[in-house]
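What follows is one structure encoded as structure tokens, with my remarks underneath.
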Amino acid sequence: MARRMDVNCDIGETAGFWHASHEPELLEIITSANVACGGHAGSDESMHAICERAARIGVTIGAQVSYPDRPNFGRIPMNISSTELFASLCEQYDALDAIARLHGSRVSYVKPHGALYNTAARDADHAEVVVRLAEHHQVALFGLPASQTEVLATMRGVRFLREWFADRGYLSSGELAPRSRPDALVTNPTTIASRVTQVVRDGTVTCIDGSVLQVDCDTMCVHSDTPGAARLLWAVRDALTTEQVVIRAH
């Protein structure tokens, strides 16, 4: 059986009118859209526009939930109780799902954004909130392999899709390099293609310190705000196609 790989991207993060942004082009390249639903970015208008087009072209919709912190774009950890966090994530999810259903689709998975993604990967309390959200709605969960989120999702019977970031540098621990580092982002399409090929052929990625990390993933991501995101997504797709990997949502 041919190997299958999902290609995802964070969508709905532009500050201006969505149709006038670069994001509609990105939506045409991916198979799964992580839609910002109000926590760190996104609005009713952007969610309607994205869900309408995603439903029309067959792109799977996911809820990109985050800490409720728009001023910091959800990229700074918040000191927030599990009860408050769960209530906020439910509100974000429900807003997107209601809009998706109006356009004949639905939310099929949860993907935490930014600081919540990284914190939940190692903090059991916030991982439990994220897993409980996916469990409550009976949808899949995107996350970092070998993380607290994967451990808890497996224990709770939540379908977990292991994610690899084509445009981010990795530490030897398996965590993403902090964005404060100059080598945190990978923006060269040729480098991206080489990394994808390495993941597919060898099941490894070379970390920023030169060490080699084992990688087993179900979905590959390029961030919409990474410079040249469209070219990078095409590099991912071209490399997967060359390796005879079927590009399709799981």
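Considering region 3-46, the residues that are more than 16 Å from the chain's Cα centre (by Cα) and among the aliphatic types (A, V, I, L, M) include one that is modelled with the lowest pLDDT, namely 15. For region 60-68, the criterion of being within 23 Å of residue 231 (Cβ to Cβ) and touching a helix residue (DSSP H, G or I) at 6+ places or on another chain (Cβ under 8 Å) is met by at least one residue.
Each row is one residue, and each column tells you yes or no for (1) over 16 Å from the mean Cα position of the chain (by Cα); (2) under 22 Å from residue 30 (Cβ atoms); (3) of a type in the set (A, V, I, L, M, F, W, C); (4) assigned to a helix (DSSP H, G or I).
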| residue | (1), (2), (3), (4) |
| --- | --- |
| 135 | yes, no, no, yes |
| 151 | yes, no, yes, yes |
| 155 | yes, no, yes, yes |
| 158 | yes, no, yes, no |
| 163 | no, yes, no, no |
| 173 | yes, no, no, no |
| 180 | yes, no, no, no |
| 183 | yes, no, no, no |
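Which pairs have Cβ atoms under 7 Å, sit 6 or more apart or on different chains, and link a residue in region 68-80 that is touching a residue at least 12 places away in the same chain (Cβ under 8 Å) to one that is in a loop (DSSP other than H, G, I, E, B) and polar (S, T, N, Q)? Short answer, once both residue conditions are applied: 74/66.
With respect to residue 70, is the statement that it is closer than 24 Å to residue 179 by Cα, surrounded by fewer than 22 Cβ atoms within 10 Å (Cβ to Cβ) and not polar (S, T, N, Q) true? Give the steps one after another, and end with the answer.
Details: closer than 24 Å to residue 179 by Cα: yes; surrounded by fewer than 22 Cβ atoms within 10 Å (Cβ to Cβ): yes; not polar (S, T, N, Q): yes.
Against the criterion (closer than 24 Å to residue 179 by Cα, surrounded by fewer than 22 Cβ atoms within 10 Å (Cβ to Cβ) and not polar (S, T, N, Q)), residue 70 qualifies.
Note on region 185-206: residues that are part of a helix (DSSP H, G or I) and either at pLDDT below 95 or not acidic (Asp, Glu) (or both) amount to 13.
One residue stands out in region 37-56 among those that are outside any helix (DSSP H, G or I) and in contact with a helix residue (DSSP H, G or I) (Cβ under 7 Å, 6 or more places away or on another chain): the one that is surrounded by the fewest Cβ atoms within 10 Å (Cβ to Cβ), namely 38. Whether any residue in region 229-236 is assigned to a helix (DSSP H, G or I), modelled with pLDDT of 95 or more and under 21 Å from residue 161 (Cα atoms) is what I want to check. Yes, region 229-236 contains a residue that is assigned to a helix (DSSP H, G or I), modelled with pLDDT of 95 or more and under 21 Å from residue 161 (Cα atoms). Criterion applied to 127, 121, 115 was being in contact with a Pro (Cβ under 7 Å, 6 or more places away or on another chain), outside any loop (DSSP other than H, G, I, E, B), closer than 24 Å to residue 178 by Cβ and not β-branched (Val, Ile, Thr), and the one residue passing it is 115.
Taking the criterion of being in a loop (DSSP other than H, G, I, E, B), in contact with a helix residue (DSSP H, G or I) (Cβ under 6 Å, 6 or more places away or on another chain), within 19 Å of residue 113 (Cβ to Cβ) and of a type outside the set (A, V, I, L, M), would at least one residue in region 207-217 satisfy it? Within region 207-217 (the criterion being in a loop (DSSP other than H, G, I, E, B), in contact with a helix residue (DSSP H, G or I) (Cβ under 6 Å, 6 or more places away or on another chain), within 19 Å of residue 113 (Cβ to Cβ) and of a type outside the set (A, V, I, L, M)), the answer is no, since none of the residues qualifies. Number of residues in region 21-36 that are within 20 Å of residue 63 (Cβ to Cβ) and of a type in the set (Asp, Glu) equals 1.
Within region 90-105, the only residue that satisfies the criterion of being surrounded by fewer than 16 Cβ atoms within 10 Å (Cβ to Cβ) and not in a helix (DSSP H, G or I) is 104. Considering (1) buried (at least 16 other Cβ atoms within 10 Å of the Cβ); (2) among the aliphatic types (A, V, I, L, M); (3) without any contact (Cβ under 8 Å) to a residue 24 or more places away in the chain, say which one residue 212 fails and leave the rest. Of the numbered conditions (1) buried (at least 16 other Cβ atoms within 10 Å of the Cβ); (2) among the aliphatic types (A, V, I, L, M); (3) without any contact (Cβ under 8 Å) to a residue 24 or more places away in the chain, the odd one out for residue 212 is (1).
The values are calculated or read from the model by the stated rules, or taken from the named source; none is laboratory data. Not measured: the values here are computed from a predicted model. Quick reminder, even Gly has a Cβ in these numbers, built from the backbone with ideal geometry, and neighbours come from all protein chains shown.
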